[in-house]
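Data block below; observations after.
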Amino acid sequence: MLARMSAPSNALRVLVTGFEPFGGSSVNPSMQAVLGLAADPPPDIVLLTEILPVSHARTPQAVRAAVARHRPDVVIATGEASGRAEVTVERVGINVNDFRIPDNDGTRPVDVPVIEGGPAAYFATLPVKAVAAALRATGLPAGVSNTAGTHLCNHTLYLLGHLAATAYPGMRAGFLHLPALPEQAARHPGQPSMATATMVTALKVAIAAIRANATDLRVSEGATH
Ligand code: PCA
């Protein structure tokens, strides 16, 4: 959907995607965050939003169609990572589907490549460290993650990297994993959570950081494990 019509014609085109609920949950924080952002878009960009299916068969076509239709300069895909306490900015997508739980069609691929014959991995082309730093500077818990898992979030990140490398040169793309919503965590005592409004703020801060940083910061966000 085109959420804003009045941005200048040379304004940055930013596609933000979320996923529909999956895994038996009736909500997905990424869908709530993207709907919240679409309802209150940043004034200085062209915000484009899509809710993607959670389907090994259908997600790739939905991603390809969204990029072809919207021609974004920047893609920020988002998804749920229940169990994580922070907004995590994914560094890398790998060329494998190895689903721990079935997708919404009941499909569970094991060790199936995202792109047959593709490279092992694509790095996100967003300034991941600058985004994580900007989020923390705003008072939001955030970090760089070195694995987006092996389900459809990783799939989407890898596919966006593939599209940027092959068909859409210059397109910057990456992935933010979001914690569970409070109402999800309430059913799993001890699980960390984040409110939708906080996630919407995080997306706005991420967009601003991407605009402000053509290249990434040279600071360590490394991990030992
Ligand atoms: N999270 C899953 C897929 C959809 C979503 O929101 C993942 O992390 O791969």
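Each reported figure results from applying straightforward, stated rules to the coordinates on display, with no laboratory input. Just so you know, these numbers come straight off a predicted model, no measurement behind them. Don't worry about glycine lacking a Cβ; one is built from the backbone with ideal geometry, like all the others, and counts go over all protein chains shown.
Considering region 61-128, the qualifying strands (runs of 3 or more DSSP E), each wholly inside and each with 3 or more residues that are closer than 16 Å to E20 by Cβ and within 12 Å of the ligand (Cβ to nearest atom), run over 74-80. Scanning region 50-91 for residues that are among the polar types (S, T, N, Q) and over 25 Å from V144 (Cα atoms) yields S55, Q61. Here K204 meets each of (1) of a type outside the set (V, I, T); (2) surrounded by fewer than 21 Cβ atoms within 10 Å (Cβ to Cβ); (3) part of a loop (DSSP other than H, G, I, E, B) with one exception, condition (3).
Being assigned to a loop (DSSP other than H, G, I, E, B) and either touching a helix residue (DSSP H, G or I) at 6+ places or on another chain (Cβ under 9 Å) or of a type in the set (A, V, I, L, M) (or both): is that true of T147 here? It is true that T147 is assigned to a loop (DSSP other than H, G, I, E, B) and either touching a helix residue (DSSP H, G or I) at 6+ places or on another chain (Cβ under 9 Å) or of a type in the set (A, V, I, L, M) (or both).
When L178, L140 are checked against the criterion of being within 16 Å of the ligand (Cβ to nearest atom) and closer than 14 Å to R84 by Cβ, L178 stands alone in meeting it. Counting the residues of region 8-50 that are of a type in the set (D, E, K, R) and within 16 Å of the ligand (Cβ to nearest atom) gives 2.
For region 150-173, a residue qualifies if it is within 14 Å of the ligand (Cβ to nearest atom) and either outside any helix (DSSP H, G or I) or free of Cβ contacts under 8 Å to residues at least 12 places away in the same chain (or both), and the qualifying residues are T150, H151.
Evaluation of A68 against the conditions (1) under 25 Å from G143 (Cα atoms); (2) among the aliphatic types (A, V, I, L, M); (3) surrounded by fewer than 18 Cβ atoms within 10 Å (Cβ to Cβ) shows that the sole unmet condition is (1).
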